[in-house]
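The following block contains the structure, expressed as structure tokens.
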2 protein chains.
Amino acid sequence: MSFSQRLAHIAHRVERRLAQVLDDSAAGGAPPRLVAAMRHATLGEAKRLRPFLLVECAGLFGVAIEAALPAAAALECVHCYSLVHDDLPAMDDDDLRRGKPTVHKAFDEWTAVLAGDGLLSLAFALLAAPQTHADPAVRAELVAGLAAAAGAGGMVGGQCLDLEADKLGAPQHPSEAHVKRLQAMKTGALIRFACEAGAILGSAATKQRQALILYGECVGAAFQIADDLLDTHGDATVMGKAARKDAGKATLVSVLGAPAAQARLAELEAQAIAALTPFGPKADILREAARFVVRRQM
Amino acid sequence: MSFSQRLAHIAHRVERRLAQVLDDSAAGGAPPRLVAAMRHATLGEAKRLRPFLLVECAGLFGVAIEAALPAAAALECVHCYSLVHDDLPAMDDDDLRRGKPTVHKAFDEWTAVLAGDGLLSLAFALLAAPQTHADPAVRAELVAGLAAAAGAGGMVGGQCLDLEADKLGAPQHPSEAHVKRLQAMKTGALIRFACEAGAILGSAATKQRQALILYGECVGAAFQIADDLLDTHGDATVMGKAARKDAGKATLVSVLGAPAAQARLAELEAQAIAALTPFGPKADILREAARFVVRRQM
């Protein structure tokens with residue numbers, strides 16, 4: 001199976017699992033309007049990069065796709081909730097996401113806020129359920145890790161720094177270090193955790209877990225730079241969302257210029273691949289994932 | 001110690017714990033603006049009813065206040081996050097909360113959305129941490145219970161039903177059953193879980209846990225009816241928030257009329273107190289709590 005086939009296969013499995021989880025929510029008494037908005041936010045064409053990384057990292061330790069799916073779906077719920085809230089008029093004010101109207105456009109603002117809130121709680125419900133792992137210590141560790149990655153010291157904090165730059169113009173001239181910190185929080189933390197979660201699910205030894213965390217950090221940083229380069233040079237039709245949205249935002253492309261950002265991207269790719277050395281050839285799919293993230297066109 | 005002294009004492013302990021937890025967030029790299037908004041949302045004069053119920057229910061099984069504080073603080077984070085989001089212009093559009101400007105008034109809308117998001121993740125981070133309980137199975141069970149109570153089948157779902165009635169006029173003539181379901185989700189689920197969480201922390205036997213769940217359901221339902229009666233007849237100055245906000249909303253007061261709602265309140269008080277029978281006199285403080293909820297003026 002080629003890399004793109006494997007990516008599509010896991011995306012398909014995650015999609016089916018998410019659909020099932022949302023059916024369960026509806027059966028459990030969640031209001032139809034809310035479930036419809038949560039479906040809109042999560043289902044449909046998407047790469048499912050974070051679930052992919054989790055599944056493949058767990059696979060290094062012999063964890064089957066099926067066994068990694070609950071945690072993978074939880075991670076995707078958090079990612080999708082963050083998109084719904086980030087797209088809100090008070091935040092990035094986006095009308096289009098993955099080629100579809102954003103949730104507040106397809107429904108309305110209050111439904112979008114609640115759909116995001118519902119997805120975040122759902123993620124923790126999934127992680128804490130016995131299906132995720134037989135050992136409650138593993139489940140508690142996954143919850144703690146996801147909460148840290150998603151919270152004020154992670155993704156939500158990064159979004160705050162990003163909007164401070166965008167809306168309040170603070171800081172006036174962001175340093176490279178500031179932008180790196182912002183991005184390590186905003187997009188990096190969840191991608192890093194995707195890789196770490198695979199190691200947790202697989203009961204990895206500390207050294208192996210550290211290696212996957214480093215890999216995840218490099219891939220996360222590369223992902224954001226590639227995204228910023230795409231925003232500068234990309235094609236909105238191919239991307240399914242608006243381009244040139246980040247003009248007021250602090251990115252490494254705006255701070256370093258495109259050629260230096262491109263060079264940094266190549267560096268991160270090499271570091272990500274080097275981090276996988278302890279795993280030998282069975283990590284080839286993760287090496288391809290690093291290349292994919294660096295070279296992606298959408 | 002009288003009931004009101006005990007309530008104030010626990011509120012003070014919870015307040016100090018929340019302040020410490022938010023200091024830890026700041027030290028852990030959460031942006032100052034975000035932490036300031038989270039502080040604004042959580043700190044200050046408040047009854048801390050949910051933490052009180054958790055602490056006192058856990059106390060029935062010999063759990064010390066100190067040992068119950070992390071879970072109690074987690075519960076309060078969820079309650080406060082829900083207030084921040086519910087107050088947003090796209091939702092209830094409230095300017096005043098606990099006598100202070102709401103978070104989106106004191107800061108702005110995007111900060112309020114993120115502060116709520118940050119508090120929700122923080123709650124799960126607290127519950128999953130070893131400080132909450134030595135046994136990871138207890139922590140995972142608390143996470144699962146809170147996620148269910150807070151999520152689309154609980155609090156967030158109830159808020160959706162409430163706003164559907166308010167903004168979309170659906171259903172046109174809500175039945176008593178619809179309003180009960182809405183309120184059991186919107187405010188009931190978290191109050192019920194506060195009591196159940198005390199039982200979980202205390203490793204209660206199934207029968208004891210069921211008794212506390214029933215108590216929590218009655219107190220939760222009573223709390224909401226008392227709230228609706230206050231909204232109809234209460235004094236905004238005493239309450240620290242606007243009165244007569246619920247004119248368009250489905251409440252038991254609007255469906256049944258005030259006298260029938262008042263009678264239902266007395267019934268729930270009696271049921272709540274009866275549920276405590278297995279615990280004998282050591283549950284007296286919880287009996288007083290039921291009376292307090294029914295008779296509160298703010």
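Readers should treat all values here as calculations from the given coordinates under stated rules, not as data from a laboratory. This structure is a prediction, so every number in the text was calculated from the model and none was measured. Note: ideal-geometry Cβ built from the backbone for every residue, glycine included; neighbour counts use all protein chains shown.
Only Lys, Arg, Asp and Glu count, each charged at its Cβ (+1, +1, -1, -1), so figure out the dipole size of chain A about its Cα centre, rounded to 20 debye.
Values: 31 positive and 33 negative charges, 126 e Å.
Charge dipole, chain A, about its Cα centre: 600 debye, nearest 20.
Taking the alpha-carbon centroid of each part, what is the distance from region A:142-184 to region B:260-298 in angstrom?
46
Just how many pairs of Lys in region A:3-295 have C-alpha atoms closer than 16 Å, counting pairs that are eight or more places apart or on different chains?
Working: A:LYS47/A:LYS100; A:LYS47/A:LYS241; A:LYS100/A:LYS241; A:LYS105/A:LYS241; A:LYS167/A:LYS245; A:LYS167/A:LYS249; A:LYS180/A:LYS249; A:LYS186/A:LYS249.
Lysine pairs, 8 or more places apart or on different chains, close enough: 8.
Now, a different point. From the square roots a ≥ b ≥ c of the eigenvalues of the alpha-carbon gyration tensor of region A:58-215, which class results: rounded (a/c under 1.5), prolate (a/b over b/c), or oblate?
Details: a/c = 2.51, a/b = 1.41, b/c = 1.78.
It is oblate, given that a/c is not under 1.5 and a/b is not larger than b/c.
Restricting to Cα pairs below 8 Å that are 6+ residues apart, what does the relative contact order work out to for chain A? Please round to a whole percent. Before the final figure, lay out each step's value.
Details: 432 pairs, mean separation 55.1, N = 298.
Across chain A, relative contact order equals 18 percent.
7 Å along Cα→Cβ for the label point: how many nanometres lie between A:ALA263 and each equivalent label in the other copies, listed shortest first?
8.2
With a/c under 1.5 counting as rounded, go ahead and sort chain A into rounded, prolate or oblate using the C-alpha gyration tensor (a ≥ b ≥ c being the square roots of the eigenvalues; past the cut-off, prolate if a/b is larger than b/c, else oblate).
On the way: a/c = 1.56, a/b = 1.05, b/c = 1.49.
Oblate is the answer for chain A, as a/c is 1.5 or above yet b/c matches or exceeds a/b.
When Rg is the radius of gyration of the Cα atoms in the protein assembly as shown and Rh is its Kirkwood radius, what does Rg/Rh come to? Show your work: numbers first, answer last.
On the way: Rg = 24.0 Å, Rh = 24.5 Å.
Over the Cα atoms of the protein assembly as shown, Rg/Rh equals 0.98.
What distance in nm separates the simple spin-label points at B:ALA260 and B:THR232, each placed 7 Å from Cα in the Cβ direction?
Distance between the two pseudo-spin positions: 1.1 nm.
Here's another thing I want to ask about it. Read phi for every residue in region A:72-79 and hand back ³J(HN,Hα) as whole Hz from Karplus 6.51 cos²θ - 1.76 cosθ + 1.60, θ = phi - 60°, with x for Gly and Pro.
5, 5, 4, 4, 5, 4, 5, 4
B:ILE65 to B:ALA177: extension gain in nm, 0.36 nm per residue of separation minus the Cα-Cα distance?
Numbers: separation 112, 0.36 × 112 = 40.32 nm, distance 3.72 nm.
Full extension of this stretch gives 36.6 nm more.
Charges only on Cβ, +1 for Lys and Arg, -1 for Asp and Glu: so what's the dipole of the protein assembly as shown about the Cα centre, in debye to the nearest 20? Walk me through the numbers before you get to the answer.
Details: 62 positive and 66 negative charges, 170 e Å.
Approximately 820 debye in magnitude.
Right, here's the next one. With θ taken as phi - 60° and the coefficients 6.51, -1.76 and 1.60, list the Karplus ³J(HN,Hα) couplings across region B:172-186 in order, rounded to whole Hz; mark glycine and proline as x.
For region B:172-186, the Karplus curve yields 4, 10, x, 7, 4, 4, 5, 5, 4, 5, 4, 6, 4, 7, 5 Hz.
Then there is this: Quick check: pseudo-label points 7 Å beyond the Cα along Cα→Cβ at B:ASP24 and B:SER2, how many nm apart are they?
About 3.5 nm separates the two model spin labels.
Here is a further query. What ranking, highest mean first, results for peptides B:188-195, A:221-228, A:285-292, B:164-171 when packing means the other Cβ atoms within 10 Å averaged over each residue?
Numbers: B:188-195: 27.2, A:221-228: 23.2, A:285-292: 20.0, B:164-171: 15.0.
Top of the packing list down: B:188-195, A:221-228, A:285-292, B:164-171.
Treating the point 7 Å from Cα along Cα-beta-carbon as the label, what are the nm separations from A:THR277 to the other copies, to one decimal?
7.2
A follow-up question, please. Say a label goes 7 Å from Cα toward Cβ at A:LYS207 in every copy; what distances in nm does this one have to the rest, shortest first?
Those label-point separations list as 5.5 nm.
Now for a different question. Using alpha carbon centroids, what distance separates region A:1-41 and region B:8-28, in Å?
37
Which residue, chosen from B:PRO278, B:LEU142, B:MET91, occupies the Cα position most advanced towards the positive end of the dipole of chain B, where the dipole is computed from +1 (Lys, Arg) and -1 (Asp, Glu) charges on Cβ about the Cα centre?
B:PRO278
Right, here's the next one. Out of B:ALA67, B:THR111, B:PHE223, whose Cα points farthest toward the positive end of the dipole of chain B (charges: +1 Lys, Arg; -1 Asp, Glu; placed on Cβ)?
Of the candidates, B:ALA67 comes out farthest on the positive side.
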